[in-house]
Amino acid sequence: MVDYKEQIKNHLEQDTDFEKIVRMFYLVHPTCAFSEDYEKADEILNEVSDFFKIPINDIVVCGSAKLGFSLVKQTIFEKGRSDLDLAILNRDCYFSIFDEVLKSTMNYSKRNMFSGNNYDKYTSAVSKGMINYKFLPRIERRTELLTFFDMISIKYRNYFSTITCCFYASEFAFKQKQINGLNKFKNDILEY
């Protein structure tokens, strides 16, 4: 399996623009987890594409499955033990969920619909153009998403411990999230 860790380190040492690194390694380079089985990639991503009725190109793999290691935790991707983190970069999908939350919570006046500290987690992520379905209020959409990702995780448990996703309002929002991880990784490797 390809591991991009050394390549990313080299780019950071050369002060390559973070946005360029994200573009190259997340949007252009092949996914490490699928380097030996592109048919499995097609199968999984097509299933997600069909479920959300979005183009398959709107789905991006991120995290250790994409790079072969985690920028934040610095752990290596392990088939069957690591997660498959997906990002859906589809404005319509994002705003469909966003609008449903606003409507269901009456513009957040019904904060009790959020479990624990999910309201804070949800609004923090939304302020950055991202929605994590796990932090949604108790609405039907949340149940549907939890059920779908539980089902697909079980189906592909020989490949990934779980399959999850976040929704992004734009490619820019997605890149900013990954840049945060690159910043942490750069700070961690410079400490040694």
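Cross-link pairs exceeding 23 Å between alpha carbons, from the set K40/K73; K5/K66; K73/K155; K121/K184; K9/K175; K128/K186: K40/K73; K73/K155. If R0 is 45 Å, the Cβ-Cβ spacing of R141 and E13 corresponds to a FRET efficiency of close to 0.55.
List the aspartates and glutamates whose alpha-carbon lies under 19 Å from that of K79, not counting same-chain residues fewer than 8 positions away? Leaving aside aspartates and glutamates fewer than 8 places away in the same chain, those within reach of K79 are D3, E36, D37, E39, D42, E43, D150. Across the protein chains, with a 1.4 Å probe defining accessible surface, the residues D92, D83 rank D92, D83 from largest area downward. Only aspartates and glutamates eight or more places from K110 in sequence, or on another chain, were considered; those with a Cα closer than 20 Å are D99, E100, D120, E140.
Taking V72, V48, V22 as the candidate residues, the one with maximal mean-square fluctuation in a Gaussian network model of the chain, Cα springs under 10 Å, is V72. Estimated purely from DSSP H runs of n ≥ 4, each contributing -39500 (n - 2.57), the mean residue ellipticity at 222 nm for the chain is -15000 deg cm²/dmol once divided by its residues.
Counting only aspartates and glutamates at least 8 places from K20 when in the same chain, those with an alpha carbon closer than 14 Å to its own are E171.
Each Lys or Arg adds one and each Asp or Glu takes one away; over the other residues whose Cβ falls under 13 Å from the Cβ of H11, this sums to 0.
For segment 44-57, the Karplus equation 6.51 cos²θ - 1.76 cosθ + 1.60, evaluated at θ = phi - 60°, returns couplings of 5, 5, 5, 4, 5, 4, 5, 4, 8, 6, 10, x, 4, 5 Hz by residue, with Gly and Pro reported as x. Per residue, segment 147-188 exposes 46 Å² of solvent-accessible protein surface, assessed with a 1.4 angstrom probe and all protein chains in place. Placing unit charges on the Cβ atoms only, positive for Lys and Arg and negative for Asp and Glu, gives the chain a dipole magnitude near 760 debye about its Cα centre. Structural descriptor for the chain: relative contact order 24 percent, calculated from alpha carbon pairs under 8 angstrom and at least 6 residues apart.
Once Lys and Arg get +1 and Asp and Glu get -1 on their Cβ, which of I59, I21, S104 lies farthest toward the positive end of the dipole of segment 1-153? In segment 1-153, that residue is S104.
Using heavy atoms of the protein chains and a probe of 1.4 Å, the accessible area assigned to C166 is about 20 Å².
The values are calculated or read from the model by the stated rules, or taken from the named source; none is laboratory data. If you're wondering where the values come from, they're calculated on a predicted model, not measured in any experiment. Note that we place each Cβ from the backbone using ideal geometry, even for glycine, and neighbour counts take in every protein chain shown. Quick note on the areas: whole protein, heavy atoms, side chains included, nothing else; ligands and nucleic acids left out. Shrake-Rupley method; radii C 1.70, N 1.55, O 1.52, S 1.80 Å.
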